[in-house]
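To start, the structure under review is shown below, and the notes come after it.
Each value in this text was obtained by applying a stated rule to the coordinates, not by laboratory testing. Note that the coordinates shown come from a computational prediction; the quantities given were computed from them, not determined experimentally. No Cβ is skipped: glycine too gets one built from the backbone with ideal geometry, and neighbour counts run over all protein chains shown.
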Amino acid sequence: MEPMVYWEADQLDFTVETTPPMPPPRQVLMVSPDYFDVVYVINPHMEGHVGKVDRALASRQWEALRDTYQQLGFEVHVLKGVPGLPDMVFCANQTLPFRGANGQRGVVLSRMHAPQRRAEVPHMAHFFERQDYVLVSIPESVSGSFEGMGDALWHPGHALLWGGYGFRTDRAIYAWLAQTLKIHVVALRLIDPDFYHLDTCLSLLDAGTALYVPAAFDDEGRALLQRLIPNLIAVPEHEARKLLACNAHCPDGRHVLIQQGCTETVARLRAAGFEPIELDTSEFLKSGGSVFCMKLMFF
Ligand code: ARG
């Protein structure tokens, strides 16, 4: 039986054999913020922020994030930003890295929703080509857009991809991804424009724990999350909306890198046994991004 995309909780069948779980990623890709700016508005967080980025401060915030990954023992690869591509610094969005059943490493190349961001993808493709990754493009016969690890999140330790759709990614992409990569995909409809990417409202911390924003999902999505994730930690809506608390990143099952000031979320993380590391990403919040989308983990 071929892996399938499952929309409803009662259709889930994890006895179907798939590609094994992705290994814990050890490498981090970041794009330097030399040309980061807010020059157009493609999500609600960007409204009122055109031309308002403090570039020097943005650079310091980006460097602090890079240093944190290095201090945690990760290898950080840095790709130089490109003039005219102010959102390229959000390097979670242009690809989805994977490891196939035969051990072959690859990336699915995104088909960006916003025309302003489409030229970012080839730069990331070249990087992965140099790393000997197989590049997988979405065929023309499959319509719709796809924004990589902004919307598609690997479940740590499980052979499962969570796929957000509705704003940047189309649901049809996940049927193709499931068949092509031989993986289970649980697709979740996103219903609130402030949470336009799945990584703004769901953060998988370890195999059994995740942060989420209940209001970002429909009833079916909430039911799927509740069914498959034993320790679901709800994030207060004001921290999720204003500070993108769910754009936190847990790279090792223990430390959680998160925008500073998410007081309640940090308390809940500590209570669940995690070690939050608070970082300021204020300049990137003006563009609708924080920790999670400023890096890409690969294998
Ligand atoms: N300004 C960027 C956009 O709207 C921000 C992307 C943030 N990335 C993310 N994965 N949430 O596309």
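Highest average first, the peptides 123-136, 237-250, 216-229, 72-85 ordered by how many other beta carbon atoms sit within 10 Å of their residues are 237-250, 216-229, 123-136, 72-85. Label-to-label distance for GLU278 and THR263 is 0.9 nm, based on points extended 7 Å past Cα in the beta-carbon direction. Using 0.36 nm per residue and subtracting the Cα-Cα separation, the extra length available between VAL50 and ALA172 on full extension is 40.6 nm. A simple rule links phi to the HN-Hα coupling: the Karplus curve 6.51 cos²θ - 1.76 cosθ + 1.60 with θ = phi - 60°, which for the range 234-239 gives 6, 9, x, 4, 5, 6 Hz, with x for Gly and Pro.
Placing one identical point scatterer on every Cα of the range 130-256 and ignoring solvent, what is log10 I(q)/I(0) from the Debye formula at q = 0.19 Å⁻¹? Rounded to two decimals, the profile gives -1.07. Distances between placed amide hydrogens fall under 5 Å for VAL291 paired with GLN259, all partners being 5 or more residues away or on another chain. With R₀ fixed at 51 Å, the C-beta to C-beta distance from ARG254 to VAL134 puts the FRET efficiency at about 0.95. You can think of it this way: the chain between ASN102 and VAL39 has 18.4 nm of extra reach, that is 0.36 nm per residue less the Cα-Cα gap.
At full extension, ALA234 and ARG118 could sit 38.4 nm farther apart than now, given 0.36 nm per residue minus the alpha carbon distance.
Quick one: putting +1 on the C-beta of Lys and Arg, -1 on the C-beta of Asp and Glu, what dipole do you get for the range 242-290 around its Cα centre, in Debye to the nearest 20?
140 debye
Arranged from fewest to most other beta-carbon atoms within 10 Å of their beta carbon, GLU63, GLU120 become GLU63, GLU120. Can you list the residues of the range 177-197 with backbone N under 20 Å from a point 7 Å past the Cα of ARG227, pointing along Cα to Cβ? From the range 177-197, the list is 178-179, 183-191.
What separates the Cα centres of the range 263-296 and the range 45-121 is a distance of 16 Å.
Restricting the calculation to Cα atoms, every distinct pair contributes to the Kirkwood radius of the chain, found to be 19.0 Å. Neighbour counts of other Cβ atoms within 10 Å put SER137, SER145 in the fewest-to-most order SER137, SER145.
The convex hull of the Cα atoms of the range 106-161, projected and averaged over all directions, covers 4.7 nm². Normalised size of the range 76-125, defined as Cα radius of gyration per 2.2 N^0.38 Å with N residues, equals 1.25.
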